[in-house]
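Novice: Below are the structure tokens for one structure; questions will follow.
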Amino acid sequence: MSQHAMLSPSSAHRWLHCPASVPLTRTCKDDASPFADEGTVAHTVAADALRTGSDASAYVGACHEVNGHRWEVTAEMAAYVQEYVDYVRAIAGVRLVEQPLRIASITGEQGAKGTADVVILAGDELTIVDLKYGRGVKVFAEGNEQLQLYALAALQEFAGVEAFQHVRLVIVQPRLGHADEWVGTLPQMEDFRQKVAQGAARCRAAIGHYNNVGELPSEYFGPAEKPCRFCSAKASCPALATHVLNTVADDFVDLTKPIVPQLSYAQLRTFDNTTLACLFGATELIESWCKSIRDKAAAQLLSGQPVPGYKVVQGRQGPRRWVDMTAAEAMLKQLRIKFKDMYDVSLISPTRAEKLHQAGVIGDRQWPKLQPLIHRSTGAPVVVPTSDKRPHSPFRTRRISRT
């Protein structure tokens, strides 16, 4: 039996920290996003290129259907995928692409499997490589639950092939210009195996409450920014709602009564920078939760389900456009509108020029000649956790954002 695992490697970051998310997400419709669909196409191109020895550019113009939507491989996608393909090809060893891995003996879920983008066998080193095509969140290899779970399964699968002494985990995010590696020892992998076994046991206990999720004890929930980020049950999770409201309201309100009137009159005390750090660390989770609540309320109303006190109205109109561009152009000419008034002509941007270079319109010898003419402003200061690998910048008195 091979099935999509409930305790899958790709969601290990969630279920290891929040066992309750397993039964909760089973009650939610998991709508595929266009970003995920685009990533599926990029993974398909990458896998085909690695299997056949072709470059990704050979797939430009090819069309793929994902979740009922048609996607065309663009020169831009091919260029990004090629960066990943080149990175993988530079790693020596026996390369296994889109490798199925059995995880049932690790998670205890019967018949469960996962699929690693690339597994490379090289003497005493086992390498797991993962393509992350998204550009929203930078992902690091150290401590990555998904790749460690793949590594455990691969160590088990190929134990009789090589005498592995360590594993290398590699994440490549070409659209962010980011690649990260981490090397772990077999004892570290064994420690992680024990962590997975304990976490999976808690998940199985939580699944036992599937028919009455409301009875799940609080210790099965683990609301936090990372596990909640892509959780489909975010808008209906009682623990996350309580966590957010407690963080926002602190001890100023009674959560059993309407929140807004109480907040309007709450006397906010001053707090030191330690408290500020705690509150700041919660902002991404709170913002994410707020968006999920808006989305769920809209979905309920649009499906005809009442949400007391709210309704759906027509939003702001979109920008005007010509129904028929050719007919509009002909009419403007008939009206004797001058050329300079009819058309907007502007020079392409450096970003557009780079895409033309990637597509081969601007050649490799021509592209360097444009570099002295390109200026890129210095990035604005942003607040990040101290664990971020970027060096500290001693900015003063400048407006700071968060990224």
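Novice: Taking K and R as +1 and D and E as -1, what net charge do the other residues with C-beta under 9 Å from the C-beta of Trp71 add up to?
Specialist: Working: positive: Arg70; negative: Asp37, Glu38, Glu65, Glu72.
In short, -3.
Novice: Pairs Lys234/Lys311; Lys138/Lys389; Lys234/Lys291; Lys29/Lys234; Lys234/Lys389; Lys138/Lys226: which exceed 19 Å Cα-Cα?
Specialist: Among Lys234/Lys311; Lys138/Lys389; Lys234/Lys291; Lys29/Lys234; Lys234/Lys389; Lys138/Lys226, the Cα-Cα distance tops 19 Å for Lys234/Lys311; Lys234/Lys389.
Novice: Just to be sure I understand: with springs between alpha-carbon atoms less than 10 Å apart, which residue in Ser33, Ser236, Ser21 has the highest mean-square fluctuation in the Gaussian network model of the chain?
Specialist: Ser33
Novice: Would you compute, from DSSP H runs of 4+ residues alone, the mean residue ellipticity of the chain at 222 nm, taking -39500 (n - 2.57) per run and dividing by the full residue count, rounded to the nearest 500?
Specialist: -12000 deg cm²/dmol
Novice: Per 0.36 nm of contour for each residue apart, how much would the distance between Ser105 and Val313 grow if the chain were fully extended, relative to their Cα-Cα spacing?
Specialist: Stretched out fully, the Ser105 to Val313 stretch lengthens by 69.7 nm.
Novice: Of the candidates Glu215, Glu157, Glu83, which one comes out as most mobile in a Gaussian network treatment of the chain with C-alpha springs shorter than 10 Å?
Specialist: Sorting by GNM fluctuation, first place goes to Glu215.
Novice: Separation of region 92-168 and region 173-224 by C-alpha centroid, Å?
Specialist: So the two Cα centres are separated by 16 Å.
Novice: Cα extents of the chain along the three principal axes, largest first, in whole Å?
Specialist: Principal-axis extents of the Cα atoms in the chain, largest first: 76, 67, 50 Å.
Novice: So how far apart, in nm, are the two label points at Leu301 and Ile362 if each is 7 Å from Cα heading toward Cβ?
Specialist: 4.5 nm
Novice: Then there's this: Near the amide H of Val307, under 5 Å away, which other amide H atoms are found, from residues 5 or more places off or on another chain, if H is placed in the peptide plane?
Specialist: none
Novice: Near Leu16, within a Cβ-to-Cβ distance under 10 Å, what is the net charge of the other residues, with Lys and Arg +1 and Asp and Glu -1? Write out the running numbers ahead of the final one.
Specialist: Values: positive: Arg14, Lys195, Arg202; negative: Glu145.
Here the charged neighbours net out to +2.
Novice: Please give, to one decimal in nm, the separation of the simple spin-label points placed at Ser10 and Arg204, each 7 Å out from Cα toward the Cβ.
Specialist: For Ser10 paired with Arg204, the spin-label model returns 2.5 nm.
Novice: Here is a follow-up. Once the piece of chain linking Glu329 and Lys29 is laid out straight, how much longer is it, given 0.36 nm per residue of separation minus the C-alpha distance between them?
Specialist: That works out to 103.4 nm of additional length.
Novice: Right, another one. By count of other Cβ within 10 Å, fewest leading, how are Asp117, Asp124 ordered?
Specialist: Ascending Cβ contact count within 10 Å gives the list Asp124, Asp117.
Novice: Can you give the FRET efficiency to the nearest 0.05 for Val94 and Gln194, using r as the Cβ-Cβ distance and R₀ = 30 Å?
Specialist: The calculated FRET efficiency here is 0.55.
Novice: Moving on to the next point. How would you classify region 307-380 from its alpha-carbon gyration tensor, with a ≥ b ≥ c the square roots of the eigenvalues: rounded for a/c under 1.5, else prolate if a/b is greater than b/c, otherwise oblate?
Specialist: oblate
Novice: To continue, here is another question. How much FRET efficiency would the formula 1/(1 + (r/R0)^6) give for Gln165 and Glu287, where r is the Cβ-Cβ distance and R0 is 45 Å, rounded to 0.05?
Specialist: 0.55
Novice: Hey, in the GNM for the chain with a 10 angstrom Cα cutoff, which one of Asn212, Asn246, Asn273 fluctuates hardest?
Specialist: Looking only at Asn212, Asn246, Asn273, the biggest GNM fluctuation is shown by Asn273.
Novice: Moving on to the next point. Inverting the mean 1/r over all pairs of different Cα atoms, compute the Kirkwood radius of region 32-161 and quote it in Å. Write out the running numbers ahead of the final one.
Specialist: Values: mean 1/r = 0.0631 Å⁻¹.
Taking the inverse mean of 1/r over all distinct Cα pairs, region 32-161 comes out at 15.9 Å.
Novice: By count of other Cβ within 10 Å, fewest leading, how are Trp367, Trp322, Trp71, Trp15 ordered?
Specialist: Result, fewest neighbours first: Trp322, Trp367, Trp71, Trp15.
Novice: Further question: By the scheme Lys and Arg +1, Asp and Glu -1, what is the net charge of all other residues having a beta-carbon under 13 Å from that of Glu157?
Specialist: Once all neighbours under 13 Å are counted, the net charge is +1.
Novice: If you don't mind, there's one more thing I want to ask. For the pair Met342 and Glu142, what calculated FRET efficiency results from E = 1/(1 + (r/R0)^6), where r is the Cβ-Cβ distance and R0 = 60 Å, to the nearest 0.05?
Specialist: 0.55
Read the figures in this text as sums done on the coordinates, not as results from a lab. Here the structure is a predicted model, which is why all the values come from computation and not from measurement. Positions of Cβ are generated from backbone atoms using ideal geometry, with glycine treated the same way; all protein chains shown enter the neighbour counts.
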